[in-house]
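Below is one structure; the comments refer to it alone.
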Ligand code: NBG
C-alpha cells in the first residue's frame, strides 16, 4: 500500500520530551501519562500488570524514535541487509534488555522506586514470548541483539505463533504440558503492519504456457490462499542508536467470511475456512532436534518463507532497486533447514512473477543464500515425502526437480561414473518412499554452509555432508556460536557486572575480550574474595526463590551443580542422575563418609511425544523424593527438578551455578550455548569434548575445566567395534549397584516396571554410551568435589573462566558471519530530535 506523500510545508511531528527524554523526571511523567492514557488507570486502582504495561510503553516510545531514525536511514541509503530466516526466535523478556541497551536501567529503577514501585516485580509481570524450543531459537535472539549492536542493517523473519512453547508443570514427578497463552494480556512490544500483508498460495496445480515473447512460462493455480500479516518488534542495539526489526508473520484467512458459503446458509463452513487458515501460525512444534514430518509444519515453513521473500521484493521496489540486484541488497541466512524452501520460492518468484530466465535466477539465488546447519542427529534432518510435498507445493516440486537435474549433471562432470555418489547426493531420496532432502537443497542453493562450532563443522565435512564438502570445499566455513553478554551478564548478573566494571571499566559489555584484563586480579585476595562473596549472595537469592516456589531448603554453601537445557537422551541428564545415585549409595554404605555437600538442580522441557525424555524427568524426581527425605543424607545432597525452564528462569540460574553440566556424548551436541552462559558467569564446566566445549576448554585452559569421557572419534570406534554396555555393568561394581538399585524399585515405591524401559535401553543398547563414560564421569566428579573444598583454588578457576570467555560473545560470531559470509557494512544512525511526518 502506498502512503500519500505529506507536503513539505506541513508541520513535523514533535517526538521529543515525554516520548524521548531519558532523565528521571521525564521518565516518571511519561510513565504516569501512559498509565492514564494507554492503560486507562489511576495509581490507586492500577494492577502490577498496568504498571508493567505503562513502563513498557514508556520504554517503547524511546525505542520508536531510534527505530524510525534507523528505518529512514537504511531506506535512504538502500543499505545491504541481512535477513535472518528462522522458524524460532526465543527472545526472552524485552523490558530489562531494552533498559540495558538504552543505558537507562539504573535511572528507571530509581524512577520506579520514587513512585513506590519495585522494578524487579514489574519484570516478573512480563510474559516472555517463548517462540522457540531451545538453543537454536535462543541463538537467533542473541544474533539479533548483536546485529543491532554492531549497527548492521538486518531483519529477523519468523512466525508469530499464537501459542509458543508449552508451559511445563510437574505432577507426581511427570511432566504435564499446559498451553502457553503469551498474548493473553496483550503484547506492548509489537506493532501490526496490516498494510504490508501478503498472500501465500498452497496446493492446486500448475499450467505451462508460452508468453508473448515466445518464452516457456508456468502458472501456479492454487487451491488455497492465506494472508500473512506482519507484526514488527523493535530490536535495540547496545548503546548505539541502531534499532532493527523482528518481523513475525501471522496467518489470517483471505476473507473473514466465505460469502458464497455464508449465503448458502453454511455459516459454520465459512467460519471453518477462516479457522483453518489461521491454524498455520497457531502453535510452535515443541520438538528440539527432532522432526515430526507433519503437513502443518511444512505449511508453516512455506508460509513464513513466502511472506518474507515477498516482503523483500516490496522493499526493493520501495527503494527503487532493480530485481537483478536482489542479492546485492539482501543476504539471507537460513537458520537450519526449516526455511530452506526459500531456495525454490525465490526461484519461483524471480521466474514466474518477474519473468527472469533460469540461469540468471539461479545465480541470484545462490548468491543470496547461506545455510547454517545445527545438528548431526539423523532424526533431526528434515525430509518431506514427495507426495505430501507435491500436493502442497506443486510448482516448487517442479523447480526442485529442475535444480536437481542441473545439480546431478554437475556431479557427473566432477565425478564421472560414480552412480553411488549421484544417489547419495541427489535432492531426492529414492531408496524407498521418495523424499525431498532439505539439507541437500540448502547446500546446493547456498554459497556458504556453516557448522556452529569447530568440531561440529569438522564432523559435518567428515560425515553428514561429506559428499558436499568434496563437491564444494570452498562453501564450508565454521562460525562458532556465541551468546549476548548484555542479557546473560549485564542484565542477569548485575552484581558481577558492577564488580567487573569497577575494576576494568564498562567496555567489556561491548568488547567481551576485554574481560581478559581480569586475569591480573587472580592473585588479588581482596578481589577474589569479592568475587566469591557475590557468587554466594546470588546462590542465597536462588535458595530463597526455591524456598518460595518449592518449600525446599537448599544450602547456599553447598556446591550448586546445574544441568539446564532441553531433556534429551544425547544430553544425558540420566548420566547425571546415575552420579547422584552413586553418591547416595556411598552415603548409605557409610553414613559418615566425608563428601562435599551438593545441590543438584535440573531444568528443561521434554518434547511431549518423547517418552524416554519424559521418563528421565520422572526418574530425576523419583530420586529427589528419596534422597531429599533420607535422614542418612543429612542434607548433604539435595536434588530438585525446577519446572518450566524459560529464558526468564535461565537468567536466574546461570549466575548462581558453581558447576555447569555439559555431558553430551561426544559428537552429538553441535555446539551448546548454555555452556558459554554458565562459564561467563563464573561456573566451572564438567564436560566432554563435544560441541563448543572443546573451544571453551581451549580458551579457559585445561586446568580450569573438568574434562571426562570418550572423544567423538573413540565413540565412533567403539560403536564400530560392537559396543556392549554389559561389559561395563559387569565389571564396575559401583555402576552395577546404581543400576540394580533403580531396577529394584527402590526409587519407585517398589515398582520394578516403571524405569524398566530406561534401564533396558541402557543395558542392551545404550546408544549414547552412558555406561562407557560412567567411570570417567564419576572419577571426574570426585575431583570436582575435592577441588570445591579448596575455595581459593576454586575461585581462581572461576575467575579465569569469566576472564577468558570473550570469544563466546555473539558479537564475535556475528562479526565472523559479516567477514566471511555476508560482507555487509555497518550503518551508524544519527538521532534526530524530530522525525519528519511521512517519508
Ligand atoms: C541446536 C544444537 C545445539 C546448538 C544450537 C544452536 C538444533 C537443531 N540444534 O548444540 O543442538 O547450540 O542448535 O546452534 O536445535
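Please treat every number below as a calculation from the coordinates, not as lab data. Here the structure is a predicted model, which means the values were calculated and not measured. When we count neighbours, we look across all protein chains shown, and the Cβ atoms used for this are built from the backbone with ideal geometry, even at glycine.
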Along principal axes, Cα extents of the range 687-839, largest first, whole Å
74, 44, 38
Taking Cα atoms of the range 538-654, Rg/Rh with Kirkwood Rh, to two decimals?
0.96
Please give the direction-averaged projected area of the C-alpha convex hull for the chain, in square nanometres with one decimal.
39.5
Highest first, please rank the peptides 107-114, 148-155, 56-63 by the mean number of other Cβ atoms sitting within 10 Å of their residues.
148-155, 56-63, 107-114
Going from the alpha-carbon gyration tensor of the range 243-394, what semi-axes, largest first and in whole Å, does one get by taking the root of 5 times each eigenvalue?
29, 23, 15
Take the alpha carbon atoms of the range 205-223, find their center, do the same for the range 378-437, and report the distance between the two centers in whole angstrom.
24
The FRET efficiency for residue 507 and residue 267, from their Cβ-Cβ distance with R0 = 51 Å and rounded to 0.05, is 0.20
How would you rank 627, 200, going from fewest to most other Cβ atoms within 10 Å of each one's own Cβ?
627, 200
Kirkwood Rh, Cα Rg: Rg to Rh for the range 608-713?
1.01
Against the rule of thumb 2.2 N^0.38 Å, how large the Cα Rg of the range 184-330 comes out:
1.29
Any chance you could list P(r) for the range 485-809, counting all Cα-Cα pairs in 10 angstrom bins from zero, rounded to whole %?
6, 27, 35, 23, 8, 1
Could you work out how far apart the two model spin labels at residue 720 and residue 77 are, taking each label as a point 7 Å from the Cα in the direction of the beta carbon, and quote it in nm?
5.2
FRET efficiency estimate (nearest 0.05) - Cβ-Cβ, residue 211 to residue 328, R0 25 angstrom:
0.40
So how far, in whole Å, is the C-alpha centre of the range 744-817 from the one of the range 634-674?
9
Order of 797, 438 under a 10 Å beta carbon neighbour criterion, fewest first
797, 438
For the chain: relative contact order, % (alpha-carbon pairs under 8 angstrom, 6 or more apart):
15
Sites residue 594 and residue 462, calculated FRET efficiency, Cβ-Cβ separation with R0 41 Å, nearest 0.05
0.35
Grab the Cα-Cα distance for residue 357 and residue 255, subtract it from 0.36 nm times how many residues apart they are, and report the gain in nm with one decimal.
33.3 nm
What order do you get for 734, 669, 345, 357 when you list them from fewest to most C-beta neighbours inside 10 Å?
357, 734, 345, 669
Quick one: length gained pulling residue 825 to residue 545 fully straight, 0.36 nm per residue minus the C-alpha distance?
96.3 nm
